[in-house]
Amino acid sequence: MAKKINIYQVAYKNLLRKKTRTALTILGIGLSAWVLISLLGFNRGYESALNKDIDNMGFQVLVTAKGCPYEAATLMLKGGTGLRYMKESILADILKHKEVERLTPQLMAAIFDPNKGESGRINAYLGVDPVTFPAMKSYLKFKQGGWFTDPTALEAVVGYEAAELEQREVGDKMLIPEKNIEFKVVGILARSGTADDGTIFMPLKTVQKIFDKEGLITAAGIKVNKDANMNELENKLYDLPDVQVVSMAQVKNTIMSLVSTAKVMVFSIALIAILIAMLGVINTILMSVLERYQEIGIIKSMGAMPWDVFRMIWTETVILCLLGGVIGIGIAFALSKITDILIRRLLPYAPTGSLISIDSQLGLITLGVVLGIGLLSGIYPAWRAARVRPLESIRSEGD
Amino acid sequence: MAPDTSALEALHLTKIYKRGAEEILAVDDVSLTVRKGEFVSFVGPSGSGKTTLINILGCLDNATSGSLKIGGETVFAENKYLSESDLTKIRRQVFGYIFQKFYLVPTLTVYENVILPFAFFKKAEANADPMEILRFLGIDKRTSHRPSELSGGEMQRVAIARALVNKPEILLADEPTGNLDTKRCEEIGQVLRSLNEKEGLTVLLVTHNPALAKVAGRTITLRDGKIAQPA
């Protein structure tokens, strides 16, 4: 029999003595690793989803009537605007600036429908220009039908989710409550993963007429020339009377600042989870060292140097953290959708894309962090074990 | 000059423990020589200092004063103490230890327990197949068993095999039969005797058991930390 043995095998087999304790410790580390990788994935995924949402808006600057910038930023991402009005003539003033490549006016109108849901629901209609809006939102594709036949037609294009909710198809008639005006569905949009999915679009002129807002708009979306200086344009636009200018960068910063509070909270939870896991590891290994106090003394009497014993105990910690880390990362990959839903509930605004972006690189980083924590946690128990003197452990036997 | 045939040579060894303010003289001016290949047993009542003495002789502890030579080389002399690492280096080269408790690793097999010292240190000359030791001790059929599947006598044989695997010059046995019944006690005594007679191993045995002490070629009785009756 030429079987060999090394410190790492001994360390691994030591962990098999108390299987339940070892399993619980691994589970604790696994849960911490799950929380950690999910949060790192969130940190990355949220920003990417937000960027995607902003890119899908089709315009980089939104001009609205003066109001709360936070409200404007949030409504901008949700596809609407604050219900404050600007004169339509402002469009000509905006178009004068050389930085403006394209411009599209919007009029948001909302009306309460008491017959929707259990206690009624607000129906929102977005009046858009049939020429400039589709050009700016070129990523919108149709599941059925197409855009309006006439700039003043009583027609609507319904977003994918809105059509699902209302159970509508092209050719259906819909009624605007209170106004008792019927309009025809001429197009159903394919799913875009943006706020447009939940919107009912109508021609701008039609919405202005139905809601008595002729000559008024709630917002103007601006697509800026590629080489234009965004700050310069913003400053120029602020020269216009009573307008609020919200740029893509501002929206991003505003949302990120809103989310940063939630991030701090979630990272605090992660930190606590990691600390608890660390204490769990220290406790498990230290208990194991104390239980094997005499045995470690015998090992040292066999010729093991303090560093050998330190390495053996440290290896036990690394094995625990490695297994826990791999399990936690596996859980994170498997349950990323559920984690997405849970985190979405905590946020003031969640972009439409996936909030958790986990890949193998992040998995390796997390594993590295968990192993680092394990190595740190293992120092004290390993040091205690390395200091065991054979005589002290043996003395209890003799006279 | 004649070759040095002493395995151990202790001169005026004294060990004083402090327990609070109180000083306890555990070993009191002990001088003795153990020749290579000798089998010496240490007997005496509890508290007589036999375990303390064997711990010093086995480099598990420093003496408070006195000197010790192992194989003719001075290990420590008056007021020169060895660090734990220095003691370990001597232990791994010279000694094999067996104790009253067996301290076998429960998750390792018999064979793995025997070769456990190799995980930490392997002497260049320790090339013998551990199976030979297991055969010699009569436990070669139990190599793949776990310690929990063995009797007390078998477990102590495994502990002896583990102590022998690195080919020690001196085997130190401190109450090796304390947990065994009379029959197993006799068996272990015979094992120690044959290791001494057939393998030429120097054996130092501490025991309360007069019958076991008799298997040694020389018995030293300790009382109050002094050698009361060298045989």
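The values are calculated or read from the model by the stated rules, or taken from the named source; none is laboratory data. Keep in mind the model is a prediction, meaning the values are calculated, not measured. Ideal geometry is used to build each Cβ from the backbone, glycine not excepted, and the neighbour counts take in all protein chains shown.
Total residues in the range A:347-364 satisfying the condition of being hydrophobic (A, V, I, L, M, F, W, C) and exposed (fewer than 14 other Cβ atoms within 10 Å of the Cβ): the figure is 1.
Residue pairs whose Cβ atoms lie under 7 Å apart, separated by 6 or more positions or on different chains, with the first residue in the range A:381-399 and farther than 21 Å from residue B:95 by Cβ and modelled with pLDDT under 90 and the second aliphatic (A, V, I, L, M) and crowded, with 22+ Cβ neighbours inside 10 Å, do not occur. For residue B:86, indicate whether it is at the interface with another protein chain (Cβ under 9 Å from one of its Cβ atoms), surrounded by fewer than 18 Cβ atoms within 10 Å (Cβ to Cβ) and modelled with pLDDT under 90. Judged against the criteria, residue B:86 is not a match. Looking only at the range A:343-379, which residues are in a helix (DSSP H, G or I) and closer than 20 Å to residue A:53 by Cα? If the condition is that a residue be in a helix (DSSP H, G or I) and closer than 20 Å to residue A:53 by Cα, then A:343, A:344, A:345, A:346 are the ones that fit.
Residues in the range B:89-125 that are small (Gly, Ala, Ser), without any contact (Cβ under 8 Å) to a residue 60 or more places away in the chain and either more than 10 Å from chain A (Cβ to nearest Cβ) or touching a strand residue (DSSP E or B) at 6+ places or on another chain (Cβ under 6 Å) (or both): B:124 only. Here the range B:54-66 is the region considered, the condition is being on the phi < 0 side of the Ramachandran plot and facing chain A (nearest Cβ under 10 Å), and the residue that is surrounded by the fewest Cβ atoms within 10 Å (Cβ to Cβ) is B:62.
Listed by first and then second residue, the pairs linking a residue in the range B:138-161 that is within 13 Å of another protein chain (Cβ to nearest Cβ) to a residue that is of a type in the set (Ser, Thr, Tyr) and part of a helix (DSSP H, G or I), with Cβ atoms under 8 Å apart and 6 or more places separating them unless they lie on different chains, are B:143/B:111; B:144/B:111. Looking at (1) crowded, with 17+ Cβ neighbours inside 10 Å; (2) of a type in the set (A, V, I, L, M); (3) within 13 Å of chain A (Cβ to nearest Cβ), which one does residue B:131 not meet, given that it meets all the others? So the condition that residue B:131 fails would be (1).
Residues in the range A:317-327 that are surrounded by 24 or more Cβ atoms within 10 Å (Cβ to Cβ) and either modelled with pLDDT of 95 or more or more than 13 Å from residue A:280 (Cβ to Cβ) (or both): A:325 alone. Between A:223, A:263, the distinction of being of a type in the set (Lys, Arg), more than 30 Å from residue B:89 (Cα to Cα) and assigned to a helix (DSSP H, G or I) belongs to A:263 only. All of (1) surrounded by fewer than 22 Cβ atoms within 10 Å (Cβ to Cβ); (2) modelled with pLDDT of 90 or more hold for residue B:30 with one exception: (1).
For the range A:133-169, the set of residues classified as of a type in the set (Val, Ile, Thr) and surrounded by 15 or more Cβ atoms within 10 Å (Cβ to Cβ) consists of A:157, A:158, listed by residue number. Of everything in the range A:289-316, what is of a type in the set (Ser, Thr, Tyr) and either within 8 Å of chain B (Cβ to nearest Cβ) or surrounded by fewer than 20 Cβ atoms within 10 Å (Cβ to Cβ) (or both)? Give them in sequence order. The answer is A:293, A:301. Across the range A:244-264, not a single residue is classified as within 14 Å of another protein chain (Cβ to nearest Cβ) and either over 30 Å from residue A:392 (Cβ atoms) or surrounded by fewer than 22 Cβ atoms within 10 Å (Cβ to Cβ) (or both).
Residues checked against (1) over 30 Å from residue B:165 (Cβ atoms); (2) in the same structural domain as residue A:304 (by TED's automatic domain parsing); (3) free of Cβ contacts under 8 Å to residues at least 40 places away in the same chain; (4) not acidic (Asp, Glu):
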| position | (1), (2), (3), (4) |
| --- | --- |
| A:13 | no, yes, yes, yes |
| A:17 | no, yes, no, yes |
| A:20 | yes, yes, yes, yes |
| A:23 | yes, yes, yes, yes |
| A:30 | yes, yes, no, yes |
| A:36 | yes, yes, no, yes |
| A:41 | yes, yes, no, yes |
| A:46 | yes, yes, no, yes |
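Taking residue A:305 as the residue in question, decide whether it is hydrophobic (A, V, I, L, M, F, W, C), out of contact with any Leu (no Cβ under 9 Å at 6 or more places or on another chain) and without any contact (Cβ under 8 Å) to a residue 24 or more places away in the chain. In short, yes. Among the residues of the range A:113-130, the ones that are at pLDDT 90 or above and out of contact with any helix residue (DSSP H, G or I) (no Cβ under 7 Å at 6 or more places or on another chain) come to 2 in all. Selection over the range A:82-126 of residues that are without any contact (Cβ under 8 Å) to a residue 40 or more places away in the chain, over 18 Å from residue A:159 (Cα atoms) and either of a type in the set (A, V, I, L, M, F, W, C) or not assigned by TED's automatic domain parsing to the domain that holds residue A:229 (or both) gives a count of 2.
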